1. For segment 114-160, which positions are within 30 Å of Ser90 (Cα to Cα), at pLDDT below 80 and of a type in the set (Gly, Ala, Ser)?
2. Of the residues in segment 1-25, how many are under 11 Å from Thr66 (Cβ atoms) and part of a loop (DSSP other than H, G, I, E, B)?
Amino acid sequence: MKKIILIDSIWDIRSPALQYALTAAKGTDTEIAGIFLTSDSTSKTFEDAEATLEAIKQEFAAGGITFSSYVTGPEPGAFIRRIDDLMPASLVLIGEANFTGEMKKGGASIEALKEKLTCPVTTAGNLAGAQAGKKAAKGINWGKFIMYAIGSIFMYGIFYPKIVTLNGSLFMKGTVLGGLAIMAVVIVHAWVWGNTTYILPKIFKLED
């Protein structure tokens, strides 16, 4: 079974970190191990955190996801021990986690985890940026579309209305030049119209 360690100080089911963990684990043999990183270690804070995690556990269970949860205060030693206990993991995902100056001094920070652990360590913000970059890469290249559209207009609006004249003067002469001209027209038409129809569904949101 794979494991995602999810570290957060808020634990809102609507947050990007939790939603990503849900998506990554749903339908796969993946456990989510949640660490609620609190701002202090008082009993009241821990009780509130445990109640929040219990509600989250029910949300995860509804999606068929195995979820284990732990509450950890801002002491760096306790935090690092908890991480060590949960290893090995496939991914450490950090949401709205508040790493205090004391924790960072004690070696408990995002940078320290990246250096210490062999599995990937990332934040919800980094994942959102990566996904936005992928969506942008898949976007419509309007420059190419305009070029192909102009080519299509030329083919259907100017070239084909003159096809009878061209057949008599070139295409149907039975010459090598006429044969090459026919091949060129077929290739250019297929290239222009094929690329135009490839982009059109993206414009109308018929495909990603």
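The values are calculated or read from the model by the stated rules, or taken from the named source; none is laboratory data. Everything numeric here is computed off the predicted structure, so don't read it as measured data. Counting neighbours? That spans all protein chains shown, and the Cβs are built from the backbone with ideal geometry, glycine included.
1. Gly125, Ala128, Gly129, Ala130, Ala132, Gly133, Ala136, Ala137
2. Residues in segment 1-25 being under 11 Å from Thr66 (Cβ atoms) and part of a loop (DSSP other than H, G, I, E, B): 1 in total.
Here is a yes/no grid of residues against (1) touching a Cys at 6+ places or on another chain (Cβ under 8 Å); (2) among the aliphatic types (A, V, I, L, M):
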site: Ile56; (1), (2): no, yes
site: Gly64; (1), (2): no, no
site: Phe67; (1), (2): no, no
site: Thr72; (1), (2): no, no
site: Ile80; (1), (2): no, yes
site: Ala89; (1), (2): yes, yes
site: Asn98; (1), (2): no, no
site: Gly101; (1), (2): no, no
site: Gly107; (1), (2): no, no
